[in-house]
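What follows draws every value from the coordinates through simple rules; no lab data is involved. None of the values given here were measured: they were computed from a predicted structure. Glycine gets a Cβ as well: all are built from the backbone with ideal geometry, and neighbour counts include every protein chain shown.
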Amino acid sequence: MPRIPVVDDERLISMLVEDRLGELGCGVVGLARTVADGPALAVGQLDGAIFDVNLAGDTCFPLANALRSRGVPVAFATGDGALDEGQGFKDALILRKPFDFEGVKSVLGKMLS
């Protein structure tokens, strides 16, 4: 069962993603709402991660870089649809808000391939 942490500052969104991942056979490692809470989820074997780009005024990029350095694929949740190229994630997987089941399924498939 793939293990995926979800980091989003909106509780309902986190719960929606958790439900969708569960329906797709994933084990959600946990949910975090802030950058400070994220590292507690980034331990052990992970198969991917989903991060909201903006976490209560902070960005998730330090967490994403830490996981990427371990070879863990990361998808970014955003309503903007694109990331700033200066962050080093030009070709990153994007999970567009608002979420739908097919969007989560598509990103998960790419993340785990």
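Summary table
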| read-out | value |
| --- | --- |
| Among VAL43, VAL72, VAL28, residue whose mean-square fluctuation peaks in a GNM of the chain (springs only between Cα atoms under 10 Å) | VAL43 |
| Extended-chain gain in nm, criterion 0.36 nm per residue less alpha-carbon gap, ASP100 and VAL43 | 17.7 nm |
| Spin-label pair ASN54/ALA36, simplified geometry with 7 Å Cα→Cβ offset, distance in nm | 2.1 |
| Listed residue (GLY27, GLY88, GLY38) projecting farthest to the positive dipole end of segment 3-112, Cβ model | GLY27 |
| Matching label, Kirkwood radius over Cα pairs in Å computed from the structure shown, candidates (i) 14.0; (ii) 15.2; (iii) 13.6 | (iii) |
| Rounded to 5, percent antiparallel among DSSP beta bridges of the chain | 10 |
| Helix-only CD estimate at 222 nm, as mean residue ellipticity for the chain, using -39500 (n - 2.57) per DSSP H run (n ≥ 4) | -9000 deg cm²/dmol |
| Among ASP58, ASP47, ASP91, residue whose mean-square fluctuation peaks in a GNM of the chain (springs only between Cα atoms under 10 Å) | ASP91 |
| Segment ASP80-LEU24, extension gain: residue separation times 0.36 nm, minus the distance between their alpha carbons | 17.6 nm |
